[in-house]
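Please read the structure below before turning to the comments.
Values in this text are rule-based calculations from the coordinates and carry no lab data. Since the structure is predicted, the reported quantities are computational estimates derived from the model, not experimental observations. Cβ sites come from the backbone with ideal geometry, for glycine too, and all protein chains shown count toward neighbours.
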Amino acid sequence: MKRRLRRYLAGIGAAGLSLILTAAGGPTAAAAHAVTLHPALEHAPHIYTGSTVPPTTATCQARSHINCYGPQQFAVAYGLTKAFAAGDTGKGRTIAIVDSFGSPTIEADLATFDSDFGIKPPPSFRIIQPVGAVTFDAGNSTEIGWAQETTLDVEYAHAFAPDANILLVETPTAETEGVVGFPDIVAAENYVIDHDLADVITQSFGATEDTFDSPQQLLEQRSAFVNAARHNVTVLGSSGDAGATGAIFDGSADYPYRVNSWPSADPLVTSVGGTQLHLDAAGHRTSPDVVWNDGHGAGGGGVSKVFARPSYQDNVMNVVGTHRGTPDISMSAAVDGGALVYYSFVPGSVGYHIFGGTSEASPQLAGVVALLDQAAGRRVGQLNPLLYAAGATHQPSIVDVTSGDNSFDGVVGYPATQGYDLASGWGTLDVGTLIQQVTALLH
C-alpha cells in the first residue's frame, strides 16, 4: 500500500503530542523532526507522543485531542479477555509477519512494549531472511519506514495472541507500486509455506491494481497464495489507507477515481479494512465503531478490476456485482483511536508513538486467527468462507458497522450500511464469540 505522503502540523507545543509526518497507509518514516521521503513510499499515519512510558487515553486527549489505546483496551473491546480467560491465547500457533527490511531493534523494542503493558514474551520470536540478507541504514528513510511498520506489526500481532510464536520474515527490497518488491515477497512467503513455518501470514502492504503493467503481471505473483491454500495457511492483507482510491505508480498522487489494492483484492486473501473505535480507559465502547475516515486516511475498499467474484461472495452479489469486493472484515485503523507502539531505532523519537492505518488492522486479525487455530485444534485455513457464512446468518460474532464512508482525496467512496458493504466488509468482530462459533462448527 504505497500512498502519497501528506504532512500535518499538530500545533500543540513541545510539551504535548506532536504529529511529525503522516501519510495514508503502511510503514511510516518520522523522527523528532520532519523527514524527507520519496513520495512513492507508503507510510502509516503516525504521531510521536514524546514519552518513553505509555501515555493514557486521557493524556492523548488532553495534549492532542485524539484518542490512543493500548493492548488491554483492545483486548476488552474485541472480546479477547473472554478468549484469554478460556485459555485461547494462540499457544502452539505461529504468526508469520512479512516486511521489507525489518527493524534492527525489534527484539528489544518488543521486550520493552511487553514489560510496559504486562504481556508475557512470545514463546518463540524468530527472524528469517529467506531471500537475501537485510541491512539497516539509519539514514535511509525507506528503511526507517519499514522498521516502523515492522514494529507495529510485531507488537500488535503478539498483543492479540500473546502465546503464539512470532516469525518475522524480512525481505531485502521495498514493495512500492506495481510489481516492485513482490518477487522477493512471494519467494519469502513460499519459503515459509514450503517449510511449514507458520499458520497465518499477515501482509501490511499492497499496490494499486492499476499500477501493474497488466493483469497478467499481477496474476504471476499469486503463487504463494495458491500454495497457502493448499497447505491450509490463512493469508491476510491490509485493504489500504486511501479509501476508495489509491496511489498512482510513482506515488505522487492518488487516482482521481475508484481503484483497489492487491494482495488485499486477491480472493485467496482475507482483506482487512479499517474502523475507528471510541473507547474509555477500560476499553469499553462509548459509541459504536465507524468506518475509519479521520482526515489522516480512510479504510480501503471497493471492487477489483482483476478478480471475478469468488463463490463465498455470491451472497453479497447485490453489493459487489461480478467482481471481488473488499474488505471482508475490519479492525482498528484510525489515528484518532490509534495503537500505542514503542520503538527505539530513530534517535530523537525513542518511545511511544500512535499508529493508525490498516497496517494496524491486519496484524491484529492475525492474532485472532492464531486464537481460532488453537481453539479449533487445527488451522482454520481460508477465513473468508467462515466470515461470509457468519455474516449472512447474522451471527453475534460479527458486529455490523453501519456508520461512515471511505470517500477520500476527492474520490467518492462507499457508505457503511447494514450487512456487507465496501467500506467495512461485514463490520468487525467479537472475538470471544467468534471462537465459540468456529470451534462448534469445526468440531
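Couple of notes before you dig in:
- Using C-alpha pairs under 8 Å with a sequence gap of at least 6, the mean separation divided by the residue count of segment 5-442 gives a relative contact order of 21 percent.
- Matching label, Kirkwood radius over Cα pairs in Å computed from the structure shown, candidates (1) 22.6; (2) 20.7; (3) 24.3: (2)
- Taking Lys and Arg as +1 and Asp and Glu as -1, the other residues whose beta-carbon sits under 14 Å from that of residue 433 total -2.
- Each semi-axis of the equivalent ellipsoid for segment 219-319 is √(5λ) with λ an eigenvalue of the Cα gyration tensor; in descending order they amount to 26, 20, 14 Å.
- Summing charges over all other residues whose Cβ lies under 15 Å from the Cβ of residue 67, with Lys and Arg as +1 and Asp and Glu as -1, gives -3.
- Taking a sphere under 13 Å around the Cβ of residue 76 and counting the other residues whose Cβ falls inside, with K and R at +1 and D and E at -1, yields a net charge of 0.
- Antiparallel bridges, percent of DSSP beta bridges restricted to the chain (to nearest 5): 50
- Relative pair counts by distance (%), Cα atoms of segment 277-326, 10 Å bins: 23, 28, 27, 19, 2
- For residue 171, the residues 5 or more places off, or on other chains, whose built amide H falls under 5 Å of its own are 99, 100, 101, 102.
- Applied to segment 331-342, the Karplus parametrisation 6.51 cos²θ - 1.76 cosθ + 1.60 on θ = phi - 60° returns per-residue 3J(HN,Hα) values of 9, 4, 8, 6, 6, 7, x, x, 8, 7, 10, 9 Hz, with x for Gly and Pro.
- Taking a straight line from the alpha carbon of residue 305, these aspartates and glutamates sit under 19 Å away, with near neighbours fewer than eight places off in the same chain left out: 177, 209, 210, 213, 220, 241, 254, 266, 314, 328, 421.
- With the convex hull of the Cα atoms taken as the outline of segment 47-126, the averaged projected area works out to 6.9 nm².
- Most mobile listed residue (124, 349, 359) in the chain, GNM with C-alpha springs under 10 Å: 124
- Protection proxy ranking, peptides 139-150, 104-115, average beta carbon neighbours within 10 Å, highest first: 139-150, 104-115
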